[in-house]
Amino acid sequence: MKKLELKPLIISISLVLFQSILYALSKIISGSNAIVIGGCIDALIPFKIIAIIPYCIWYFLIFIIPYYYYKKDKELLSKYILSYVLITLIANIIFIICPTSVNRPVVTGNDILSNMTKIVFFVDNNPVNCFPSLHCAISFLWIIYSLNMKNTNKYFKIIISIISMLIIISTLFIKQHVFIDMIGGICITILVVIITNHLDSLINKIKNVLKL
């Protein structure tokens, strides 16, 4: 049995802490001035409690996928770190400039999925700073980088892409986000990936600093 390596876990934890701290600060700065958003497309999307499963899988993959990148393609991990930081910075600037909120349904059931949803809603209460969706942005980043990953098989790429797409869709069905949040998250990821592809010197610096 191979020994679990600490470095990629520390990197993942650091990225999550960075995102969490900035998100908390943006909520404090934006205050209660959030604009409730949502449109006709969102009205057509039903609330599906089952969507909480892929939505919560995100919280595991945010540690697992960078670890896999570390083991298989350290160059890709460096790009992922830079992209993650840029996505987080851009998203939080938007959160501060234009804070948004969504209307969420009241969950009354007491089954496992309902209780999972209640916990998610409680932790993220009030639901502000929704646009763009970081759940969607990071999930789409996994799709792009996993499909371009070296030294791995096609089954990993297919599985990660499918799970990531389910996570993106789940944000709408669990009513944590609206359609424009999803589009915003995807667009920011595409922009950041394009930018990152032109920052070779910074990527090499990350590799050197972290000894990847």
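The values are calculated or read from the model by the stated rules, or taken from the named source; none is laboratory data. Here the structure is a predicted model, which means the values were calculated and not measured. For neighbour counting, all protein chains shown are included, and Cβ atoms are generated from backbone atoms with ideal geometry for every residue, glycine included. All accessible areas refer to the heavy atoms of the entire protein, side chains included, with ligands and DNA or RNA removed. Shrake-Rupley method; radii C 1.70, N 1.55, O 1.52, S 1.80 Å.
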Query raised in the report: Of all trypsin sites (Lys or Arg not before Pro) in segment 44-100, which ones are in loop regions per DSSP and have a Cβ with at most 16 other Cβ atoms within 10 Å?
Result: LYS48
Query raised in the report: What span do the alpha-carbon atoms of the chain cover on each of the three principal axes, reported in whole Å from largest to smallest?
Result: 48, 39, 28
Report task. With a 1.4 Å probe and every protein chain left in place, work out the accessible area per residue of the chain in Å², rounded to a whole number. Result -> 53
Requested in this report: Quick one: order MET116, MET182 from most to least accessible surface, probe 1.4 Å.
Outcome: MET116, MET182
Query raised in the report: Nearest 0.05, what FRET efficiency do PHE122 and MET165 give at R0 = 22 Å with Cβ-Cβ as r?
Result: 0.25
Query raised in the report: Say the cut-off is 22 Å between C-alpha atoms; which of LYS79/LYS175; LYS27/LYS74; LYS27/LYS118; LYS27/LYS205; LYS27/LYS207 go over it?
Result: LYS79/LYS175; LYS27/LYS74; LYS27/LYS205; LYS27/LYS207
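For every helix of n ≥ 4 consecutive DSSP H residues, a contribution of -39,500 (n - 2.57) applies; sum these over the chain, divide by its total residues, and give [θ] at 222 nm rounded to the nearest 500 deg cm²/dmol.
-23500 deg cm²/dmol
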Query raised in the report: If you keep only loop residues by DSSP, which trypsin sites (Lys or Arg not before Pro) in segment 118-212 have at most 10 other Cβ atoms within 10 Å of their Cβ?
Result: LYS150, LYS211
Report summary line: Sorted list, accessible surface of protein heavy atoms, 1.4 Å probe, largest first, for ILE29, ILE11 is ILE29, ILE11
Query raised in the report: Length gain on complete extension for the stretch LYS71 to VAL36, per 0.36 nm per residue less the alpha carbon to alpha carbon distance?
Result: 8.4 nm
Requested in this report: Relative to the longest principal axis of the C-alpha atoms of the chain, give the angle of the C-alpha long axis of helix 200-210, reported between 0 and 90° and rounded to the nearest 10°.
Outcome: 80
Requested in this report: Please work out the FRET efficiency for the pair ASN151 and PHE63, using the Cβ-Cβ distance as r and a Förster radius of 22 Å; give the result to the nearest 0.05.
Outcome: 0.60
Report summary line: In nanometres, the difference between 0.36 nm per residue of separation and the alpha-carbon distance of LYS7 and CYS187 is 61.8 nm
**Report entry** Acute angle (nearest 10 degrees) that the helix 6-30 long axis makes with the longest principal axis of the chain, alpha-carbon atoms
**Finding:** 40
Requested in this report: Round to the nearest 10 and give me the degree value, 0 to 90, for the angle of helix 52-72's Cα axis relative to the longest principal axis of the chain.
Outcome: 10
**Report entry** Solvent-accessible ranking of MET165, MET149, largest area first, probe 1.4 Å
**Finding:** MET165, MET149
